[in-house]
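What follows is one structure encoded as structure tokens, with my remarks underneath.
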Amino acid sequence: MRIAIASDHAATELKALLAEWLIDQGHQVADLGPDAGESVDYPDYGYKLAEVVAEGTVEFGVALCGTGLGISIAVNRNPACRCAVVSEQLSASFAREHNDANVIAMGARMIGTEQAKACLGTFLETQFAGDRHVRRVAKLGNPPTDPDHIETHQ
């Protein structure tokens, strides 16, 4: 698979370790930065990652910052991206199976390297379930204009 990975300054070490691990697993990896060093703003790297995912340059994205939260918000500003913050394998699985997430976010200050690898591996191995989830995922990129719009299904 083709996978892009980006972080802020708090997660450059985890980014490098995961990029190397992905390459060892046989994936093509686009490291969008930054390199270790000075402080950077996570939205800049989140937007950059979202752009390559949205245009189809890569199949999946990996977004990292101190908590995973800030960069995931930036990625999710792009309507073509569905980014889920995870810290354990069950959430990583459901993010793909139910939400067809195309970006996984993790926090370098919140998760260890081995757990991050386990979450990422699960995320990449899990297939989207389709079925009833297709309708719901479609709504994620196209919210209703009527704020009172609520559908019920049996």
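The values are calculated or read from the model by the stated rules, or taken from the named source; none is laboratory data. Everything numeric here is computed off the predicted structure, so don't read it as measured data. Here Cβ is always computed from backbone atoms with ideal geometry, including for glycine, and neighbour counts include all displayed protein chains.
Picking from residues in region 1-45 that are out of contact with any strand residue (DSSP E or B) (no Cβ under 9 Å at 6 or more places or on another chain) and polar (S, T, N, Q), the one that is modelled with the lowest pLDDT is Ser39. Scanning region 1-20 for residues that are surrounded by fewer than 17 Cβ atoms within 10 Å (Cβ to Cβ) and touching a residue at least 40 places away in the same chain (Cβ under 8 Å) gives Met1, Arg2, Glu13, Leu17. Inspection of region 46-54 identifies no residue that is of a type outside the set (Gly, Ala, Ser) and either over 15 Å from the mean Cα position of the chain (by Cα) or under 16 Å from Met110 (Cβ atoms) (or both).
Of all residues in region 66-88, those that are within 16 Å of Ser7 (Cα to Cα) have Cβ atoms under 7 Å from Cβ atoms of residues that are of a type in the set (Val, Ile, Thr) and not in a loop (DSSP other than H, G, I, E, B), 6 or more apart or on another chain, in Gly68/Val85; Leu69/Val85; Ser72/Val85; Val75/Val103; Cys83/Val75; Cys83/Val103; Ala84/Ile104; Val86/Ile104. When region 100-117 is filtered for residues that are surrounded by 14 or more Cβ atoms within 10 Å (Cβ to Cβ) and either over 20 Å from Ala4 (Cβ atoms) or at pLDDT below 90 (or both), the ones remaining, listed by number, are Met110, Gln115.
For the subset of region 50-99 comprising residues that are aliphatic (A, V, I, L, M), outside any strand (DSSP E or B) and in contact with a Ser or Thr (Cβ under 9 Å, 6 or more places away or on another chain), which member is surrounded by the most Cβ atoms within 10 Å (Cβ to Cβ)? Write out each step before concluding.
Taking region 50-99 and keeping what is aliphatic (A, V, I, L, M), we get 50, 52-54, 58, 62-64, 69, 71, 73-75, 80, 84-86, 90, 92, 95.
From what is left, the residues that are outside any strand (DSSP E or B) are 50, 52-54, 58, 69, 71, 73-75, 80, 86, 90, 92, 95.
With in contact with a Ser or Thr (Cβ under 9 Å, 6 or more places away or on another chain) added as a condition, the list becomes 71, 86, 90, 92, 95.
On the way: Ile71: 33, Val86: 25, Leu90: 10, Ala92: 25, Ala95: 24.
Among them, the one singled out is Ile71.
Residue count for region 22-42 under the criterion of being under 20 Å from Lys117 (Cβ atoms), in contact (Cβ under 8 Å) with a residue 12 or more places away in the chain and surrounded by fewer than 15 Cβ atoms within 10 Å (Cβ to Cβ): the result is 3.
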